[in-house]
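The values are calculated or read from the model by the stated rules, or taken from the named source; none is laboratory data. Since the structure is predicted, the reported quantities are computational estimates derived from the model, not experimental observations. Glycine also receives a Cβ, built like all others from the backbone with ideal geometry; neighbour counts cover every protein chain displayed.
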Amino acid sequence: MNDKKYEELEINAVHSAVECFEKFIEFINVEKPILSAKRAMLGKNDCFKLNSILNFRKDVVAPNYTQDQYPIIDLMFHIALDGRLLIKSENKKGKPILAETPNLKQYQSLNEYEKYVYLLQIYWTKYDFKHNTDDMSSLSMFMFSLEGISNAESEKYLSERISYSIKSSYYHLEFFGFGSLILNEKKLNSFSRDIARFYRNDFGIKIGSFLKKKAYKYINDDIFRYFIQNSNLKGSKNLVDLSEENPFVVFKNIFPNKNVNKTVDPIDVLIDRSGAYLFKVSLKYESDTWRTIRLSHEHTLEDLHNAIQTAFDFDDDHLYAFYINGNSKTGREIKGCPFGGEDFFGEDEITSDKVTIGDLELYKGARIYYVFDFGDNWEFDIVVKEIDKNAPFPIDAEIVESKGKSPQQYRSWDDE
């Protein structure tokens, strides 16, 4: 491809991604959508309306689909939050919304190439690949695909023969201009069609190679990083030994001749999360068995776990996990670590003893899913019923109200 054709390809890729993201931001600012109470995401009607104005448009005819079924909307939602351009907040009625931050104003002051670099940098360094991919084999297959994209000598297209769990990643590559998707006409289910081909382009080869060889140490996933590092061994002379903590030092070199000099200098956006939090904890599938528990913003999720154990007369002798704004597949997982502390999961794992209630950015109506004992699988639904900033903050967790008899944790032989 000659220089003029490549320049056109580059301009189109950059402009298309930035324009799409700015339509997303404008929609949030103008429409001020209320997030769903259960998962704190855009609702079906808002997703349908937003989808209709995007250049990366999903082929749907009715507002029947959730945010995660719109791969590009879901991607932009997470980039905006991961980059702290938007944060989850509350409107005057206590409903969950997205609110802009001073970081957004910084982003809007950048030129188009600087915006593109920022979006790609946040995706590469902040996006939760692990949470959005179900298994290691699927993750590895996606990395093989990135390898194929960045290899100029490989075929121009990649067949899509991997699990549905990571197909959204191919939409992400199209969003960033790495190539184009060809979908099968036959629908596999009510909301998706199989990807028949992903056609990479020369821009994708260049940027894919840059990510693989220059920015691999910054990717937000240990499995990805290990895979890329090992696949790079043959060409180790081209690798960059990164000592800079700020990834922009590397990412700004994607477009060396495009005046990429500025980025967003993140401002720590502080929202007053203090208060006395009242949680209703219900035994799943037995809605008549519940407890209300009061804690302060300074208590940890481990404190909440301990309070639930006490409230339901359990022995606290098994592993557990919390899932914020979703279930075990859709929520943000925070594991409990009752036995070995850092030595059990590793010092980098974010566990329940390290996360305070205030850290969770909760709001009235927010939901948490809690599982105790992954053998017997005791499941609980937790809802934030109240956040009182004026009440005295409880020193210890308080069990305020109870309904229903605590279940028998272990069946005795007499029950057989």
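Of all residues in the stretch 245-291, exactly one satisfies the criterion of being loosely packed, with under 15 Cβ neighbours inside 10 Å and aromatic (Phe, Trp, Tyr), namely Tyr285. Taken over the stretch 248-269, residues that are under 28 Å from the mean Cα position of the chain (by Cα), at pLDDT below 90 and not β-branched (Val, Ile, Thr) amount to 3.
The residues listed here are Phe345, Phe322, Phe312; of these, the one that is at pLDDT below 80 and closer than 20 Å to Phe374 by Cβ is Phe345. Of the candidates Phe27, Phe21, the single residue that is surrounded by 17 or more Cβ atoms within 10 Å (Cβ to Cβ), touching a residue at least 40 places away in the same chain (Cβ under 8 Å) and aromatic (Phe, Trp, Tyr) is Phe21.
Looking only at the stretch 162-204, which residues are assigned to a helix (DSSP H, G or I) and modelled with pLDDT of 85 or more?
Listed by number, the residues that qualify are Tyr171, His172, Leu173, Glu174, Phe175, Asp202, Phe203, Gly204.
When Asp316 is tested against (1) of a type outside the set (Val, Ile, Thr); (2) at positive phi; (3) in contact (Cβ under 8 Å) with a residue 24 or more places away in the chain, only condition (3) is not met. Taken over the stretch 383-395, the criterion of being part of a strand (DSSP E or B) and in contact with a Leu (Cβ under 8 Å, 6 or more places away or on another chain) is satisfied by Val384, Lys385, Glu386, Ile387, Asp388.
Restricting attention to the stretch 89-108, the residues that are in a strand (DSSP E or B) and among the small types (Gly, Ala, Ser) add up to 2. Just so you know, in the stretch 391-416 the residues that are modelled with pLDDT under 90 and loosely packed, with under 12 Cβ neighbours inside 10 Å include one that is farthest from the chain's Cα centre (by Cα), and it is Asp414.
Return a yes/no flag: does the stretch 209-219 have any residue that is within 28 Å of Arg57 (Cα to Cα), modelled with pLDDT under 85 and assigned to a strand (DSSP E or B). Scanning the stretch 209-219, I find no residue that is within 28 Å of Arg57 (Cα to Cα), modelled with pLDDT under 85 and assigned to a strand (DSSP E or B), so the answer is no. In this structure, does Leu139 turn out to be closer than 24 Å to Lys329 by Cβ and at pLDDT 90 or above? No: the conditions fail for Leu139.
A Cβ distance below 7 Å, combined with a sequence gap of six or more or placement on separate chains, defines the contacts here; from the stretch 51-66, residues that are of a type in the set (Gly, Ala, Ser) reach no residue that is assigned to a loop (DSSP other than H, G, I, E, B). Selection of helices (runs of 4 or more DSSP H) fully inside the stretch 1-83 by the criterion of at least 1 residues being within 15 Å of the chain's Cα centre (by Cα) and of a type in the set (Asp, Glu) returns 71-82.
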